[in-house]
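Below is one structure, written out as structure tokens, with a few remarks after it.
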Amino acid sequence: MKFGVRKPSLKKSFKARTTGRLKRSVKKTLIPGYGKKGMGYIKNPKKAVYNKVYNKTTVDLLKPIKPVSSPKKKKAKQPKKTKFHYNATKPETVKQGLENEGYSPDQYLTRPPRRWLKFIAIILGLASWGAIFGGHPNIFLGVLYGILAYAAYQKSKPRINILSNPKTEAVTQTKSPVIDDEKAVDILPTSAPKVPDTDNAAIAPTKDNMDVRNLRELVPPNVFDLLWFINGTYRNIERETQTFDNGFYSFEISFQSEPSAINVHLPIVEGTRDQKIGYYPAYDKLTSVERFIYLKWLQDISQPIDISYVFIFYYGLERFLFTEKIEQAVEMIFELKKYHSENNSFNSYSNDAILIAAMMAKRPDWIARLNLRNLSIPLYATIKGTVTKCFTTHEIILFSKKVGWTNPRYIKNEPQKFEANLALCLKEKFGTNQFMIQEEQYKEVPDSITVFLANYSLSQESRFSELPDILSHPDIQSSLYALLQEAHERTKLQLREERKMKTTE
């Protein structure tokens with residue numbers, strides 16, 4: 001053990017500050033735990049103890065003339081990032097999935113694959129194999145190369161970094177714009193109100209006077225009847241749990257805090273705002289100007305507006321589906337779809353909600369009003385079978401791919417003849433032009449369908465409900481497949497006979 005003054009070496013000192021620093025940064029990137037305090041005692045305990053004692057018993061002569069490194073500044077604590085890898089061949093699918101979950105493009109970063117790191121991983125993997133199974137085996141070196149190869153391979157994968165949670169982002173209060181005092185509407189203050197709920201004297205509504213307390217006079221009756229109020233004279237919301245059971249499966253709807261509920265104590269300031277309010281909106285999270293825009297839009301819901309405002313109103317409609325106002329809510333959803341159907345997310349959620357409402361109210365006419373091209377086929381089949389207990393010939397053709405039918409030649413080229421032959425097959429086999437569904441079959445299906453409701457105040461169990469996938473029933477699959485095959489063969493024979501008749505003529 002050395003005591004006293006260390007032997008100075010300018011060459012080693014310069015190398016430690018140039019190439020040595022570069023190597024250490026590379027190792028810190030590739031080797032988990034490299035450079036962390038205490039790792040030396042794990043990797044090489046004897047050397048770590050020696051270095052510790054050596055630094056205590058010796059003195060560096062060049063220390064007074066060496067540049068003093070400035071202390072590292074502590075970085076501000078950043079929000080935790082969620083990282084996961086994705087399939088590089090399907091980036092659009094991944095991005096679409098993130099958008100469906102509520103993430104906007106500025107809430108995640110996509111990193112493409114790093115091919116050069118993958119090449120390094122291959123070289124290190126070959127080196128690891130050679131070190132372990134070569135002529136002069138070195139297990140330690142082989143394991144080290146293997147760890148480096150694995151780390152390089154993981155770093156080479158394409159990755160998506162989630163920068164923030166959409167729910168957390170939605171709850172964050174946005175800054176209110178600067179508003180002139182002249183535009184302020186005379187209404188209850190933002191702070192805890194001293195005026196009780198019963199003291200809601202109506203203010204005469206005018207074009208420039210918007211007040212929640214006289215909203216009944218400003219909004220059409222069919223819209224006002226489908227609004228939720230958390231306080232005030234019109235209060236109609238309570239935290240409760242409602243259960244629906246139709247004999248096959250049940251829904252338990254628990255409303256923790258309704259995002260569409262109007263708080264009459266929040267201020268409203270007249271103004272315009274072009275900026276989008278983002279995902280997972282709620283009335284009480286809007287600024288005073290945004291609340292004015294929302295209530296102004298309720299006077300005429302056909303007017304174009306940012307889809308987030310539409311979703312605030314739509315959240316309340318989903319809640320009304322589980323009340324006695326289910327028919328009014330469904331009609332209002334159809335009304336919204338008429339003017340705001342350009343948004344795919346809204347279309348998907350509203351279609352699922354109408355199908356569930358049709359199942360609960362036994363209303364097949366609601367299903368018939370939907371555009372079949374925008375529907376999930378398994379969900380449509382499940383709800384249609386629950387409501388009507390049968391499938392028509394047109395629906396059987398629609399379900400053909402889901403039951404394994406892969407020859408749509410006559411379905412595309414001769415749709416009328418194919419459907420007519422399918423109706424004949426049904427008539428001969430079942431005595432009716434429809435394929436009947438038995439109630440017991442719903443309890444024997446192997447797969448399920450997840451139904452998505454947009455209202456995020458629901459519990460996860462309620463919002464993402466599982467329904468039986470009736471098309472996965474083996475007996476229904478085989479029966480529908482056999483009917484399609486028989487109709488296919490009959491259409492083929494019919495076309496052959498028609499060709500023969502043309503040649504004889």
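The values are calculated or read from the model by the stated rules, or taken from the named source; none is laboratory data. A quick note: this is a predicted structure, and the numbers were derived from the prediction, not measured. A quick note on method: Cβ atoms are made from the backbone with ideal geometry, for glycine too, and the neighbour counts reach across all protein chains shown. For accessibility, only protein heavy atoms count, side chains too; no ligands or nucleic acids. Shrake-Rupley method; radii C 1.70, N 1.55, O 1.52, S 1.80 Å.
Some values worked out for this structure:
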read-out: Chain lengthening between Phe3 and Phe430 when straightened (0.36 nm per residue, less Cα-Cα); value: 143.6 nm
read-out: Average accessible surface area per residue within region 351-505, 1.4 Å rolling probe, Å²; value: 51 Å²
read-out: Amide hydrogen neighbours beyond the local backbone of Ile449, cut-off 5 Å, H modeled; value: Leu467, Asp469
read-out: Hz values of 3J(HN,Hα) by residue in region 145-154 - Karplus curve (6.51, -1.76, 1.60), Gly and Pro given as x; value: 4, x, 5, 4, 5, 5, 5, 5, 5, 5
read-out: Segments 363-371, 293-301 sorted - mean Cβ within 10 Å per residue, highest first; value: 293-301, 363-371
read-out: Built amide H within the under 5 Å cut-off of Cys390, gap 5+; value: Ile437
read-out: Rough spin-label spacing in nm, given labels placed 7 Å along Cα→Cβ, for Glu331 and Val53; value: 9.2 nm
read-out: Backbone HN-Hα couplings from phi across region 132-138 [Karplus 6.51/-1.76/1.60, Hz, Gly and Pro as x]; value: 8, 10, x, x, 10, x, 9
read-out: From phi via Karplus (6.51, -1.76, 1.60), per-residue ³J(HN,Hα) for region 328-339 in Hz, x at Gly/Pro; value: 4, 5, 5, 4, 5, 5, 4, 5, 5, 5, 5, 10
read-out: Residue-level accessible surface for Thr57, protein heavy atoms, 1.4 Å, Å²; value: 40 Å²
